[in-house]
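Trainee: One structure follows; several queries about it will come next.
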Amino acid sequence: MRLVIYCLEGGMSMKHNFLKNILGGDSVADGGFYFGDRTKPSKADVVIVSAPWSVTADFGRGATYTPDAIIDASTGRDCYDAPTGISVAGRVATAEIDYNIQELSEHLGREAERIEHHTSADDSVVGEYVARKVAHINEGFAEMQAAIYKQTKLWAAKGKRIAVVGGDHSVAFGAVKALSEQYEEMGVLFIDAHADFCREGEVFNYSHRSIARNIVEEIPTVARLVEVGVRDISEAESKELQANSKVELFLAEKVAARRFEGESWGDICREIVGKLPKKVYVSLDIDALKIEFCNNTNAPVPGGMTFDEVVYLVKIVVESGREVVGFDISEVVSSIDDKMDALVGARLLAKMCVAML
């Protein structure tokens, strides 16, 4: 048995949790299980896959420790969902967490920070040495995606619903790819403050800034990607999204204007959901929410959705007769002093598990 104690930059510290356990505090974990639930994956309906990865985050890499933070925040919480009458107790399991991903993320994240100072105005790398480093980081992304793909594929083949807890938003790719292979077509409800449709060129081909593009361009069975909550988008991204027949974009400010003019959120949600096929994967970056729900996130943007609006949108997906076949939650950054982000993330995790059940 190997004990690893991590000293963290800005996230929930495993060292902190370990010491709390030794001292008898209210720590993570009861062993490190989401909701403190020790149900085995083979016995559960939903299997939660952890992806402690954040290499290219804009403002720090605290999202590497999102799984630890959400485990901590979810432990000891009541697992009963009053509106639906569903309890997740005994129905949700924690897949084995691969902390090699976390170690690789820490190493490559430091390299990525240095490399971004050696790129030109068109985002191409400068110098042979830097080019080799970029290639090494892209290999790391491929390794992370393969690990998430493998775990997702394993449990989906056994009839389990899959939840992925990131990490930054790039962790979605492996899960979406694995689940899309189960169906003739699948849609992705992409909830994010950012369009994530950047063309990274010769730098980081699979960063969180290009995850939506990578899904659309490289996973053919994703028939439609519907973006909601976007309020930070470049001109180049906007033009490409409008020209792409597989993408539907609901800009946050345009949605807000419709609501100011009297349209209900319910009607707008039904329009959004109407763009999706019958099988739906929900990809949720926490920064889609208003800053008060995620003030520690890596790339906050003013404006945004409330917690209840996100939950209601997913509720409409289910009520429409569509099936939520999987989801991810990413970019939840917590700290020892401010656990609000983790508490919100844990609550969203529970709500999304209920949606799949």
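The values are calculated or read from the model by the stated rules, or taken from the named source; none is laboratory data. Since the structure is predicted, the reported quantities are computational estimates derived from the model, not experimental observations. Cβ placement follows ideal geometry from the backbone for every residue including glycine, while neighbour counts extend to all protein chains displayed. Protein only, heavy atoms only, side chains kept; ligands, DNA and RNA dropped before computing areas. Shrake-Rupley method; radii C 1.70, N 1.55, O 1.52, S 1.80 Å.
Trainee: Working only within region 147-176, note down all residues that are buried (at least 21 other Cβ atoms within 10 Å of the Cβ) and in a helix (DSSP H, G or I).
Mentor: ILE148, GLN151, THR152, TRP155, HIS169, SER170, VAL171, ALA172, PHE173, GLY174, ALA175, VAL176 - these are the residues of region 147-176 that are buried (at least 21 other Cβ atoms within 10 Å of the Cβ) and in a helix (DSSP H, G or I).
Trainee: Scan region 136-145 and tell me whether some residue there is crowded, with 24+ Cβ neighbours inside 10 Å and closer than 30 Å to ARG270 by Cβ.
Mentor: Within region 136-145 (the criterion being crowded, with 24+ Cβ neighbours inside 10 Å and closer than 30 Å to ARG270 by Cβ), the answer is no, since none of the residues qualifies.
Trainee: While we're on this one: Can you report the number of residues in region 58-88 which are part of a loop (DSSP other than H, G, I, E, B) and either under 19 Å from ILE162 (Cβ atoms) or aromatic (Phe, Trp, Tyr) (or both)?
Mentor: 3
Trainee: Give me the residue from region 327-357 that is within 15 Å of the chain's Cα centre (by Cα), outside any helix (DSSP H, G or I) and at negative phi and, out of that set, surrounded by the most Cβ atoms within 10 Å (Cβ to Cβ).
Mentor: Ranking the qualifying residues of region 327-357, first place goes to VAL332.
Trainee: Then there is this: I need every pair where a residue in region 316-338 that is more than 24 Å from VAL46 (Cα to Cα) has its Cβ under 7 Å from the Cβ of a residue that is modelled with pLDDT of 85 or more, sequence separation at least 6 or different chains.
Mentor: SER334/ALA69; SER334/ASP341; SER334/ALA342
Trainee: Could you say which residue among ILE215, ILE268 is assigned to a helix (DSSP H, G or I), within 17 Å of the chain's Cα centre (by Cα), hydrophobic (A, V, I, L, M, F, W, C) and closer than 14 Å to LEU189 by Cβ?
Mentor: ILE215
Trainee: Which one is nearest to ASP285 (Cα to Cα) among residues in region 228-256 that are open to solvent by less than 60 Å² (accessible area, probe 1.4 Å) and part of a helix (DSSP H, G or I)?
Mentor: ALA252
Trainee: Would you be able to tell me the number of residues in region 89-109 that are open to solvent by less than 20 Å² (accessible area, probe 1.4 Å) and in a helix (DSSP H, G or I)?
Mentor: Looking only at that region, the number is 5.
Trainee: Looking at region 294-302, is at least one residue touching a Lys or Arg at 6+ places or on another chain (Cβ under 6 Å) and among the β-branched types (Val, Ile, Thr)?
Mentor: Yes; the residues of region 294-302 include at least one that is touching a Lys or Arg at 6+ places or on another chain (Cβ under 6 Å) and among the β-branched types (Val, Ile, Thr).
Trainee: Go through PRO41, PRO67, PRO52 for me and flag whichever is under 18 Å from GLY326 (Cβ atoms), modelled with pLDDT of 90 or more and within 14 Å of the chain's Cα centre (by Cα).
Mentor: Just one listed residue meets the conditions, PRO67.
Trainee: Also, I was wondering about something else. Quick check on GLY187: is it over 15 Å from ALA51 (Cα atoms), free of Cβ contacts under 8 Å to residues at least 12 places away in the same chain, out of contact with any helix residue (DSSP H, G or I) (no Cβ under 6 Å at 6 or more places or on another chain) and not in a helix (DSSP H, G or I)?
Mentor: No: the conditions fail for GLY187.
Trainee: Here's something else I'd like to know. Say we look at region 257-287 and pick out the residues that are touching a Lys or Arg at 6+ places or on another chain (Cβ under 9 Å), in contact (Cβ under 8 Å) with a residue 40 or more places away in the chain and hydrophobic (A, V, I, L, M, F, W, C); which of these is most open to solvent (accessible area, probe 1.4 Å)?
Mentor: TRP265
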